[in-house]
1. Hull surface divided by four, with the convex hull built on the Cα atoms of the chain: how many nm²?
2. Taking Cα pairs under 8 Å and at least six residues apart, what relative contact order does segment 1-54 come out at, in percent?
3. Express as a percent, rounded to the nearest 5, the fraction of DSSP beta bridges in the chain (both residues included) that run antiparallel.
4. Sorted from largest to smallest, which semi-axis lengths in Å does the alpha carbon gyration tensor of segment 128-172 give for its equivalent ellipsoid, taking the root of 5 times each eigenvalue?
5. Would you check segment 63-209 for Lys pairs whose C-alpha atoms are within less than 22 Å, ignoring same-chain pairs closer than 8 in sequence, and give me the count?
Amino acid sequence: MIESIEPLRTLNSSMWGEGFGWHSRLMNRQVDRSYSSSDPLAEMHQFMRMRSIGIEETAALLTAARVQDRGYSQESGDKGLKVCTWATVGLSNKARAGSLRNMHELFPGTINLIVVIDGILTDAAMVNAVITATEAKAAALQDADIRLADSRETATGTTTDAVIIAATQKGASYRYAGTATQLGYGIGRTVYEAMAYSIQRYKAWELSQQK
């Protein structure tokens, strides 16, 4: 759980605090790989209520990956810019965007990213941040030589990835977050490094399961 004294401007790809909003809590909830719910939105709300977690204040992700193996990275820049990224990685249902073969959802939220930015972002910059984070995720998977089991194509993600971009809306203002910008560099670098660490941890865990 990441908590902020003041609400953060968020863009969330999951259904729990979806789309644009303001949230003071960012949660990456771990569930069993056997997790199944006919109404995951209601199930998550029940989970929060039982733990006295404010539903309206929380943007949440769901993952079957091992959250204890999360990666973390941070970068600082000019004018007080700071970018922090948390990544959890599981690779049981690897996928490649644009692949000819059909993909099926198997497990919830296998690669989850939470990117927190100390700065003021326009809505367009928030969307741009999602693009840059996704590109960095794919680059980390490529450099780690993560491939689909059948076609041996390089994976670009999994079938159930999710991302939260959060901004303090304080400090310097940013209209762009592409890779040519300082903000984009910070996003790309932190996502790549957090991903690389969590991929390494996943590989070590996977190897231990084979013994």
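Rule-based calculations on the coordinates, nothing more; no lab input. Because the structure is predicted, anything quoted here is derived from the model rather than measured.
1. 12.1 nm²
2. 30 percent
3. Approximately 65 percent, going by the DSSP bridge assignments.
4. Sorted largest first and rounded, they come to 29, 11, 6 Å.
5. Lysine pair count for segment 63-209: 6.
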